[in-house]
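Asker: One structure, as structure tokens, below. Some questions next.
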Amino acid sequence: MTVAPEVLAGRHVLLVVSGGIAAYKSANLARALLRAGASVQALLTAAAGKFVGPATFEGLTGRHVPLDVFSDTGQVPHIHLAREADVAVFAPTTANLIAKLAVGIADDLVTSTALMLDCPIVVAPAMHTEMWRHAATQANVATLRRRGVRIVGPDDGPLAAGDVGEGRLAEESAIVDAVRAAVGPSDSPLAGRRVIVSAGGTREPIDPVRFVGNRSSGKMGYALAREAARRGGRVDLVAAPNHLDDPVGVRVHHVETAEQMRSVIVSLVDDADVVMKAAAVADFRPAQYSDRKIKKDSGDLAQIKLVENPDILAELGARKAGRVLVGFAAETDLAEDHGREKLRRKGLDLIVVNRVDMADAGFSVDTNRAVLIRADGGRREVPLTTKDRLAGVVCDEVEELLAQR
Ligand code: CTP
């Protein structure tokens, strides 16, 4: 099922605020971008800091607002800020900043970052009418337009000091629309597709204190959810307990047990085009839950009876209805053989086999190495990389499989 995707979901927006009275409106703009599912990094010029404080944006976006090139020098902030942006929006933009952007001056963190940008750019000017109409500003705006920068506004209306005229910051909705247009719809086959990702390790309670669990951190599944959303997928993340922050632009369903995970997935699956099951599901659960803490000397803990949990993926494989099904296999030995066997037994299109007996792959760490095996015979080895990059490779394979349908 294809539905119009929210193009900002999962995208990363750099929001640059410069010094004009309209700077206070940028806080609402940040909220609107967040509501659209984007992550937002705010950046303030020194003059903007006289109108609004970094704390406002840090509170709204949950991201630190670096103030100059020499803060966090280990990170080289202007390079990092520019590279992570999918789109940059300058709002409000003063005549001074427009001039610097046009000429390519890089004398502070904002302008150095601007010169590093390799993504679509939106500029929303705000200034007095005379400054806007000045030949210098108009020439600078024309230069920016020629470079592909989208200029939104300014509008006519009340300005600072009681004046009225052209120069007012464009409406928030117009700026958000310009950012959407700049990003453009994703051309990924995942755009607009319903994607279910499961992540984390289920917990099967024994009593109010104890549970049967496993070492899964959820990192691989969260990386997949973020990546699928970044490509325009409408993602439901079914998350067993973990310590990660909910990704923006993704609907998160927190569950604890395998049975809860199964019931959420089953309720969503009819509409789904893709299911990626990175979760480590407990194969067994205690046959009985004690709502009172079991005492050590009762003897009951030494003989907990277990019953088998439903195999969620095998159940989905049995009623596939054309959707792409991706499984994971965490193995210690004969990894590929076990992976191929699971691929067949569970009716999958793709299985991601990874070793969990190495320090740099598998549970909890940020890196992984894997072999991707497809039902159509394809095999792809991914040497040691980050879980984010491996998520990209898995999504590439899913895109190919979708494109074949
Ligand atoms: N899986 C599932 N439901 C289960 C067990 C596993 O959906 N009850 C899914 C996992 O999310 C994973 C894949 O099946 O994508 C393989 O899980 P794994 O635990 O490696 O496979 P098992 O079939 O449980 O085999 P074994 O534990 O014997 O290796």
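Asker: If you take just the strands (runs of 3 or more DSSP E) that sit entirely in region 225-285, which of them hold at least 3 residues that are more than 30 Å from Q303 (Cβ to Cβ) and more than 12 Å from the ligand (Cβ to nearest atom)?
Answerer: Strands (runs of 3 or more DSSP E) meeting the threshold: 234-239, 251-254.
Asker: With respect to the numbered conditions (1) modelled with pLDDT under 95; (2) surrounded by 16 or more Cβ atoms within 10 Å (Cβ to Cβ); (3) not in a helix (DSSP H, G or I), which one is the sole condition not fulfilled by D118?
Answerer: (2)
Asker: Is it the case that D246 is among the charged types (D, E, K, R) and closer than 22 Å to V394 by Cα?
Answerer: The answer is yes for D246.
Asker: Just to be sure before I move on: is V393 assigned to a helix (DSSP H, G or I), at pLDDT 95 or above and crowded, with 17+ Cβ neighbours inside 10 Å in the structure I sent?
Answerer: So V393 fails the test.
Asker: Run G153 past the list (1) surrounded by fewer than 15 Cβ atoms within 10 Å (Cβ to Cβ); (2) touching a strand residue (DSSP E or B) at 6+ places or on another chain (Cβ under 6 Å); (3) at positive phi and report the number of the one that doesn't hold.
Answerer: (1)
Asker: Of all residues in region 263-288, which are out of contact with any Asp or Glu (no Cβ under 7 Å at 6 or more places or on another chain), in contact (Cβ under 8 Å) with a residue 40 or more places away in the chain and over 24 Å from G192 (Cα atoms)?
Answerer: Selection gives A280, V281.
The values are calculated or read from the model by the stated rules, or taken from the named source; none is laboratory data. These numbers were taken from a predicted model, which means no experiment stands behind them. Backbone-built Cβ (ideal geometry, glycine too); neighbour counts: all protein chains shown.
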